[in-house]
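The values are calculated or read from the model by the stated rules, or taken from the named source; none is laboratory data. In this text, all values refer to a predicted model and were calculated from it rather than measured experimentally. Glycine gets a Cβ as well: all are built from the backbone with ideal geometry, and neighbour counts include every protein chain shown.
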Amino acid sequence: MSLEKLQPANQKDVSVYSPYYQGRKRSALPLAISLYQMGNLEGSRKIEGGESIPFLATWSISSIPADLTRCRMQFDGNAELSYEVIMANFEFVDFLIEVLFGFKSSRTADFPQGFYRKLLKQEE
């Protein structure tokens, strides 16, 4: 499903996550929860000075914000270019909110830089 056709999640699912977000992020939460509940995202990672690399991200789903999400990313359909990261659901949903904001401005589905730092274990 395209991000353009994403429908907001029901209020019951959204309200559990609401305390974790403020302002603009909270208003994007219904769509982010809906994306989270899909369990996958196809997009492309922009490479500076090069072509974008397509990816498929898949993740585990839970309705509890403090549970852990295991996200697996495979780039360019190549099993050797697979990476995995585990984080709290509310943190992962925060990254999905950023995906939605980025998609709104660029029409491209991609995770923010902070997600890739975490994925590649380069967090400071």
Q: Scan the range 12-26 for residues that are assigned to a helix (DSSP H, G or I) and aromatic (Phe, Trp, Tyr) and jot them down.
A: TYR17, TYR20
**Q.** Exclusive hit being part of a strand (DSSP E or B) and surrounded by 11 or more Cβ atoms within 10 Å (Cβ to Cβ), set LEU56, LEU35
**A.** LEU56
Q | the range 74-101, residues that are surrounded by 18 or more Cβ atoms within 10 Å (Cβ to Cβ) and over 16 Å from TRP59 (Cα atoms) | A | GLU98, LEU100
Q: Could you check, for the range 75-92, whether at least one of its residues is out of contact with any strand residue (DSSP E or B) (no Cβ under 7 Å at 6 or more places or on another chain) and at pLDDT 95 or above?
A: yes
Q.
Please go through the range 38-47 and give me each residue that is at negative phi, in a loop (DSSP other than H, G, I, E, B) and either in contact (Cβ under 8 Å) with a residue 40 or more places away in the chain or touching a Phe, Trp or Tyr at 6+ places or on another chain (Cβ under 9 Å) (or both), ordered by number.
A. LYS46
Q: Quickly run through the range 37-54 and pick out the residues that are within 16 Å of LEU100 (Cα to Cα) and not aliphatic (A, V, I, L, M).
A: GLN37, GLY39, ASN40, GLU42, GLY43, SER44, ARG45, LYS46
Q: For SER105, work out the one condition from (1) free of Cβ contacts under 8 Å to residues at least 12 places away in the same chain; (2) of a type in the set (Ser, Thr, Tyr); (3) part of a strand (DSSP E or B) it doesn't fulfil.
A: (3)
Q.
Here is a check on your reading of the model: is ARG72 basic (Lys, Arg) and without any contact (Cβ under 8 Å) to a residue 12 or more places away in the chain?
A. no
